[in-house]
Amino acid sequence: MTSNTSPAIELRGAGKAFRTPSGALHTAVRDLDLTVERGEFVAVVGPTGCGKSTTLTLVSGLEEPTEGEVLVGGEPVGGIGGNVGFVFQQDAVFPWRTVLSNVMAGPRFRGVAKAEARERARDWLARVGLSAFEDRYPHQLSGGQRKRVALAATFVNDPGILLMDEPFSALDVQTRALMSDQLLDLWAGTGSSVVFVTHDLEESIALADKVVVMTAGPATVKEVFTIDLPRPRKVEEVRLEPRFVEIYREIWSSLGEEVRITRERGAAHAA
Amino acid sequence: MPPESVSLPAAGALAKPSDAAERSKARARAVRRRALLVNGARLLVLVLFLGLWEWFSRAGVIDKFNFSMPSEVYDQIRTWVMHGTAQGSLAEQIWATLQEALYGWVIGVAAGVLLGIALGRVRFLADVFGPYVKILNAMPRIVLAPIFLIWFGLGPASKVASAVVLVFFPVFFNAFQGAREVDRNLVANARILGASNRQVTFQVVIPSATSWIFTSLHVSFGFALIGAIVGEYIGATKGLGLMVSTAQGTFNSAGVYAAMVILAVVALIAEGLLTFLEKRLFRWKPAESGAR
Ligand SMILES: Nc1ncnc2c1ncn2[C@@H]1O[C@H](COP(=O)(O)OP(=O)(O)OP(=O)(O)O)[C@@H](O)[C@H]1O
Ligand SMILES: [Mg+2]
């Protein structure tokens, strides 16, 4: 149904305005132009509140753009596609399901037989290091453990397009490095296309092929940096390379300015 | 217990293990003592209340004819238990009322949950039926009891009907609210994971609305009892409500109080059963909020 040459994700002049309770229009993102090639790993960084999460909801089909076009696999997004995985910024595990049942949810929704779903779920729980917790309920887990459940629940579906909204921000440093490496392994194995939103510039450089810097809100793409660090990478090691530091400095000079603008705006509001 | 976590590490450096065991025993003793004190105080309040009532009645401070007294109420209950009531055995009366309340409750809850979730999920239905539900809810529904008596006669059907209308609305509103206030993230997540609309309703909306619904189940069983009793009071051949109205008709105030006591006990037992059920059903909830 789709030609194999079209990019995985394409945003063409996409914008989204929300209606606020007072009835006014609040523009969250505007004039977004962005292309994610098949199998590409793109990281998105930008000041807080600029519109990164909104961008992901547009790609996922959870929200429709109020302007422009969003294409996934060459076709305009109409509703939620079966090939998309989304790790949400907020906690989104089902509190009434056990850990195992949470991870089984995706395959079960998609009609996979119970036994097979359980097997796949167990496999993923082992990979995120939660095998011993499969009978627990989410309220009995730590924040980081819950996040890992969410990761397993997303990966178990084998999504071709993976949207991740600050997935590792609740994890401790060690688990984070572990999960990052695992994400890279997984991504290399499946060839899925990833859009990875983060606040952590180091993380974005260590993981991605391309780092997209967004402006202060309403966000649009400010600059796109290509990360030419060789793969395979180990996130803890790649940080130490001189080229990494160089890239970091370059991107930070672009991002830092937007962060400053956002901060000043916040201060102006407070005054 | 906060004292436990505070005192242990502080003393831990100095204390030998036997000291720690000693302390935890002392703590357990203190907890028991407190429970004893609370229960003792409760008993005292009850005894005081009943004693004063009895005393005032006997001394003529309050009118014995209108207010009766505990000993008479007790005698009345005893008579009912031993020799039955004017309408038959006491158990039969309780069972009749309970049955009507139960039928009314089940029907009201089923209808309330079904319609609540349907209207909560389907915007169109909510928009169409919303105003009518509001109007019906604004009406004091207990005035329907006499109408039901005319429609359905002296039998249990009229009581069941009054119980249903009382139960339906609180359950309906809670189910509606529960379905409306489902965490948007959970719904979004389920849809991304591949859930159909049906699956979202049954596997996300209903589970997360159950705690809302359960809150209303507690209250609504009380309403079901009220509906049944009022129905019986207005006209019936059996039941606790009829006993109240008979006692009232013969100026037997002790009989009215005795029926009230029996009712209270029945309601408390039902409440206990519901709480038990709720605890079993909500194992996924943190303990503090599980027993709402
Ligand atoms: N449903 C909504 N209704 C109204 N405004 C919204 C809604 N969702 C987001 N916004 C607004 O859109 C802007 C962008 O929000 P978004 O969540 O995309 O930011 P973000 O870049 O993900 O921020 P953060 O890094 O803090 O997660 C914010 O100003 C926010 O207030
Ligand atoms: Mg965000």
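Things worth noting here:
- Some residue of segment A:191-209 being hydroxyl-bearing (Ser, Thr, Tyr), open to solvent by 10 Å² or more (accessible area, probe 1.4 Å) and either within 16 Å of ligand 1 (Cβ to nearest atom) or more than 14 Å from chain B (Cβ to nearest Cβ) (or both): no
- Where A:Glu202 falls short, out of the listed (1) part of a loop (DSSP other than H, G, I, E, B); (2) under 20 Å from A:Cys50 (Cβ atoms); (3) not β-branched (Val, Ile, Thr): (1)
- From the options A:Ala150, A:Ala132, A:Ala170, residue that is at pLDDT 90 or above, under 15 Å from A:Ala92 (Cβ atoms) and either in a strand (DSSP E or B) or open to solvent by 20 Å² or more (accessible area, probe 1.4 Å) (or both): A:Ala150
- Selection of segment A:47-90 for residues being away from ligand 1 (no atom under 15 Å from the Cβ), without any contact (Cβ under 8 Å) to a residue 40 or more places away in the chain and either in a strand (DSSP E or B) or open to solvent by 60 Å² or more (accessible area, probe 1.4 Å) (or both) yields A:Pro76, A:Gly78.
- Scanning segment A:220-230 finds no residues that are open to solvent by 30 Å² or more (accessible area, probe 1.4 Å), part of a helix (DSSP H, G or I) and not aromatic (Phe, Trp, Tyr).
- Identity of the residue in segment A:111-136, under 22 Å from the mean Cα position of the chain (by Cα) and within 14 Å of chain B (Cβ to nearest Cβ), that ends up farthest from B:Ser211 (Cα to Cα): A:Trp124
- Sole residue being charged (D, E, K, R), more than 16 Å from ligand 2 (Cβ to nearest atom) and touching an Asp or Glu at 6+ places or on another chain (Cβ under 7 Å), chosen from A:Asp209, A:Asp228: A:Asp209
- Leading residue by the ranking (surrounded by the fewest Cβ atoms within 10 Å (Cβ to Cβ)) among those in segment A:110-129 that are at pLDDT 90 or above and among the basic types (Lys, Arg): A:Lys114
- Matching residues, segment A:148-197, being within 13 Å of the chain's Cα centre (by Cα) and of a type in the set (D, E, K, R): A:Asp165, A:Glu166
- Residue in segment B:16-32 that is under 28 Å from the mean Cα position of the chain (by Cα) and either without any contact (Cβ under 8 Å) to a residue 40 or more places away in the chain or open to solvent by less than 80 Å² (accessible area, probe 1.4 Å) (or both) present: no
- Test: residue in segment A:68-81 that is in contact with a helix residue (DSSP H, G or I) (Cβ under 6 Å, 6 or more places away or on another chain) and farther than 24 Å from A:Ser204 by Cβ: yes
- For segment B:173-195, taking the residues that are in a helix (DSSP H, G or I) and charged (D, E, K, R), the one that is farthest from the other protein chains (Cβ to nearest Cβ) is identified as B:Arg180.
- Restricting attention to segment A:144-177 and to residues that are closer than 19 Å to B:Asn185 by Cα and among the basic types (Lys, Arg), the residue that is farthest from the other protein chains (Cβ to nearest Cβ) turns out to be A:Arg148.
- Scanning segment A:33-46 for residues that are near ligand 1 (Cβ under 8 Å from one of its atoms) and under 16 Å from A:Phe88 (Cβ atoms) yields no hits at all.
- Criterion (touching a His at 6+ places or on another chain (Cβ under 9 Å) and within 14 Å of chain B (Cβ to nearest Cβ)) met by exactly one of A:Pro95, A:Pro107: A:Pro95
- Residue in segment B:217-246 that is farthest from the chain's Cα centre (by Cα), counting only those that are farther than 16 Å from B:Val266 by Cα and free of Cβ contacts under 8 Å to residues at least 60 places away in the same chain: B:Ser245
- Of all residues in segment B:203-247, those satisfying the criterion of being within 14 Å of another protein chain (Cβ to nearest Cβ) and open to solvent by less than 10 Å² (accessible area, probe 1.4 Å) are B:Val204, B:Val205, B:Ala209.
- Looking only at segment A:6-63, residues that are within 16 Å of ligand 2 (Cβ to nearest atom) and within 14 Å of another protein chain (Cβ to nearest Cβ) come to 10 in all.
- Tallying residues that are open to solvent by 70 Å² or more (accessible area, probe 1.4 Å) and near ligand 1 (Cβ under 10 Å from one of its atoms) within segment A:17-32 yields 5.
The values are calculated or read from the model by the stated rules, or taken from the named source; none is laboratory data. Quick caveat, the model's predicted, so the values are computed rather than measured. Positions of Cβ are backbone-derived with ideal geometry, glycine not excepted, and every protein chain shown enters the neighbour counts. For the accessible areas, the whole protein counts, side chains as well, though only heavy atoms, and no ligand, DNA or RNA atoms are used. Shrake-Rupley method; radii C 1.70, N 1.55, O 1.52, S 1.80 Å.
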